[in-house]
Every structure is written in C-alpha cells, then in structure tokens.
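The values are calculated or read from the model by the stated rules, or taken from the named source; none is laboratory data. Just so we're clear, the structure is a prediction, and the values are computed from it rather than from any experiment. Don't worry about glycine lacking a Cβ; one is built from the backbone with ideal geometry, like all the others, and counts go over all protein chains shown. These accessible areas exclude ligands, DNA and RNA; they are computed on the full protein's heavy atoms, side chains included. Shrake-Rupley method; radii C 1.70, N 1.55, O 1.52, S 1.80 Å.
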Amino acid sequence: MLRWMDDARLGRLVRVLRHRRGWRQVDLAQRAGVGRSVVSDLEFGRLDAMRVATIRKIVAPFGLTFGGALRGLGADADRLLDERHAALMGACAEWLGRLGWRSVSEVSYSEWGERGSVDLLAWHESTANLLVVEIKTELASVEATLRKHDEKVRLAPSVAAGRFGWRPASVGRLLIFPEDRTERRRVAEHASVMDGAYPMRSREVRAWCRSPSGPMAGLMFLTDSA
C-alpha cells in the first residue's frame, strides 16, 4: 500500500505507468471508460472535483485499486518515478559521448550554503566548454527550475575545476525534458519565460553540442532511447 503525499504525485505515477505501456491518454481513457480530459486532469493532479470511483476506473487498467491509498503496485513508487529520470540521463550521456563529451552524473556540491547535485556535468576537452545539464521529467515549477539551474551553472566552474581539474573557457546550460506531448504543452504554456531563459531549441542545441563555441542556453525534448 502506498499513501500519497499529494495529488500531483499520484498523477505523475499514473503518467509513468501509462508511458511504460506505450499508451496515449486516449488509450487509457478508452480502457477506463472515461473521457481523455479526465485522464489529463488526474495526471495534472487536478483531483479536487474527481470522485474516488473515477480514480479507481483510471488505475484499474494497470491492475491497481484505489481507496485513498493505491494497492497492487509491486515496485516502490519513488523508484518507479525515478526510472524515467535515470533513463533520460543515460540517453543524454550516451548522446553527448558520441559527440566527444565526457559526462559525469550526479555531481554533488556544497558551496557557500548552497547544496545540490548536477544531473550531468559534461566536458568538451578540445574546446574547454563545460555543459551543465538539468534533467526534468516534468515541469512542476518554472521558478524553481530556473532558480536551481542558475545556481548550478554559477557554481559549476569551481566545482569542475576543484573536482576534475576542468577549467572551462565558457559554460553552457541545457534543460532536458522527455519527448512527451504533455511536457511540450507545459513548456509552451510558459513560453515567454522559458524562451527567455533557454532561447535555443533542439536543432540549435544539437548543432552547438557537435561543435561547441561560447556559452549556450538551450532546451530540448529527448526520448529515453535517444
């Protein structure tokens, strides 16, 4: 039995389970006998007006039951939610490796009271470019995402020099989301902010990563098999 801290967490897990089966929202809706918008509401954590019976219908195709708690899930929820993050990180590291980057994952830092870890810290030896990659399986908070990524980019040069002896001539930032219509829609809803913080998109990001020169701020959508 898993008791939920909040509605958003339940929605995230349903979305992960749906993606693992390769279903669209409409596919799950048809299996559950509800409208696609109802599935969308649950995945976004909009449960205030949703009946327990409706939630039960939506989780039933996964072989699960719900009654204020979710029953029947064999894997630990946190691990399951982390699987997509790990898959995206692995795909990104492999892709960068093919382009001549050396990547180190989960690089922790503690500088001047600021603590955290960089999902991927990538180094391009021939051009002395450092890339700070932030992996997000969903855009939960624009403000928190930008603030934390800014912090990591600001601290990355000293962390890279002290930990690995890398002394960058310039630093790039890259925000990765899964190739997912829901996440594309969320990013589009905050386009004015996201475009300002990450002006480069997939094609430009890929070109820069093949031949890095100077700072870069980009956002791209990546599949876990990319």
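Descriptive notes on the structure:
- Once the chain from Ala49 to Arg181 is taken as fully extended at 0.36 nm per residue, the excess over their C-alpha distance is 45.1 nm.
- Here r is the Cβ-Cβ distance between Gln30 and Thr223 and R0 is 35 Å; the resulting FRET efficiency, rounded to 0.05, is 0.90.
- Convex hull per residue volume in Å³, alpha carbons only, for the chain: 132 Å³
- Over segment 141-194, the Kirkwood radius and the radius of gyration, each from Cα atoms, give a ratio Rg/Rh of 1.10.
- Rounded to the nearest whole Hz, the Karplus-based 3J(HN,Hα) values (6.51 cos²θ - 1.76 cosθ + 1.60, θ = phi - 60°) of segment 172-183 follow the sequence x, 10, 9, 10, 10, 10, x, 5, 8, 4, 4, 5, with x at glycine and proline.
- Protein accessible area in segment 133-226, 1.4 Å probe - carbon and sulfur %: 49 percent
- In the context of the full set of protein chains, residues of segment 4-52 present 53 Å² of accessible surface per residue (probe radius 1.4 Å, heavy atoms only).
- Amide H contacts of Trp166 (H built 1.01 Å from N, under 5 Å, at least 5 apart or other chain): Ala161
- Close amide-amide hydrogen proximity is noted between Leu222 and Phe177, Glu179, each under 5 Å apart and 5 or more residues distant or on a separate chain (H modeled in the peptide plane; Pro and chain starts excluded).
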